[in-house]
Amino acid sequence: MAHLDVRIGSLRMANPVMLASGMMGETCASLQAVAKAGAGAVVTKSIGISPRPGYPNPTLIVNEGSFLNAMGLPNPGIEEFSVEMKDIAHIHCPVIGSIFAASPEDFASLGAAMEHMGVAAVELNLSCPHAKGFGMEMGTDPEMVRSIVQATKAAVSIPVFAKLTPNTHRLVEVAQGAEAGGCDAIVAINTVKGMRISIEAKRPILSNKQGGLSGPAVLPVGIRCVYDLHAALDIPIIGVGGITTGRDAVEYIMAGASAVQVGSAIATRGLTVFSSLEQEIRHWMEELGYDAVAEMVGVAHETQ
């Protein structure tokens, strides 16, 4: 039988399918539900220094099976979130703390706070496409990304992952900046910038006008980004964007991902998506003659 266990730095997972940040990551109870459903690891909602209410409605559009959202990074702030996560030890898989900030110093402070509450790794949100002063506004400058990663690494003893945006022509340069700062893995991708217009109201539908597109529509974008990054980096990559089936996940792995994250598919397949993806990945591994996930990582490059 094929073995699905995965290791990224010191992070060990029973399978390569992780919960992506932004879906069911607000409470210990929701993270535990995902863990029980079979996720190899779970990522919290992105948390900042202070509480943020986010944008007013409408913040989400269902777009032919994909989703366009502009939430505005609503969160309770790190202090209140620490209280919510007091039972983190009861979550039966590794927990990764997602953080966002406006400076390297604040990223470092948040990373230290996340480590104190018991997370197994920190994911730097350098890619949200619709929150002014955060996310991709900082995450498209390779030198700034290097500084953020370096500051966070100096503040924690757990792995640090950088989640990057596809909304830049400098993706590889940005990833190389993260690698130079000591990053343990790259997470690619976050949502793709988009917009819809209400022709009846003659105005953008989202209150923020622009939002981030997720779901099946972005699958080819994510696979291309992971493929490019694998060719340029020496650190692991975690693929995310549009994964609905085990075949999708195997595409990411063959492009160069050591593990994958799933978010929007929960809305269409329910929580059973995690156990289903595990079974589907195992099926493809056995069908194609692979005994371990690591054997598949980047094989699409070897046939060129």
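Observations on the model:
- Scanning the stretch 107-132 for residues that are modelled with pLDDT under 95, farther than 16 Å from residue 187 by Cβ and not hydrophobic (A, V, I, L, M, F, W, C) yields a count of 2.
- Which listed residue, of 179, 200, 173, is surrounded by fewer than 23 Cβ atoms within 10 Å (Cβ to Cβ), without any contact (Cβ under 8 Å) to a residue 60 or more places away in the chain, out of contact with any helix residue (DSSP H, G or I) (no Cβ under 8 Å at 6 or more places or on another chain) and part of a helix (DSSP H, G or I): 179
- Any pair with Cβ under 6 angstrom, 6 or more apart, that starts in the stretch 75-86 at a residue that is of a type in the set (Val, Ile, Thr) and ends at one that is assigned to a helix (DSSP H, G or I): 78/110; 78/113
- Which listed residue is buried (at least 24 other Cβ atoms within 10 Å of the Cβ) and modelled with pLDDT of 95 or more, from 259, 292, 231, 300: 259
- Candidates 243, 238 - the one that is assigned to a loop (DSSP other than H, G, I, E, B), touching a residue at least 12 places away in the same chain (Cβ under 8 Å) and under 18 Å from residue 34 (Cβ atoms): 243
- Matching residues in the stretch 76-106 - criterion: being among the polar types (S, T, N, Q) and modelled with pLDDT of 95 or more: 82, 98
- Among the residues examined, residue 191 does not qualify as modelled with pLDDT under 95 and surrounded by fewer than 20 Cβ atoms within 10 Å (Cβ to Cβ).
- Hey, residue 208 of a type in the set (S, T, N, Q), closer than 24 Å to residue 159 by Cβ, part of a loop (DSSP other than H, G, I, E, B) and in contact (Cβ under 8 Å) with a residue 60 or more places away in the chain or not: no
- Candidates 101, 89 - the one that is within 28 Å of residue 138 (Cα to Cα) and of a type outside the set (Val, Ile, Thr): 101
- Residue under evaluation residue 66, criteria (1) at pLDDT below 95; (2) crowded, with 22+ Cβ neighbours inside 10 Å; (3) touching a Pro at 6+ places or on another chain (Cβ under 7 Å); (4) of a type outside the set (Val, Ile, Thr), criterion not met: (2)
- With respect to (1) touching a residue at least 60 places away in the same chain (Cβ under 8 Å); (2) of a type in the set (Val, Ile, Thr); (3) more than 28 Å from residue 210 (Cβ to Cβ); (4) assigned to a strand (DSSP E or B), the lone exception for residue 42 is condition (1).
The values are calculated or read from the model by the stated rules, or taken from the named source; none is laboratory data. What you are looking at is a predicted structure, and each value in this text was computed from that prediction instead of being measured. A quick note on method: Cβ atoms are made from the backbone with ideal geometry, for glycine too, and the neighbour counts reach across all protein chains shown.
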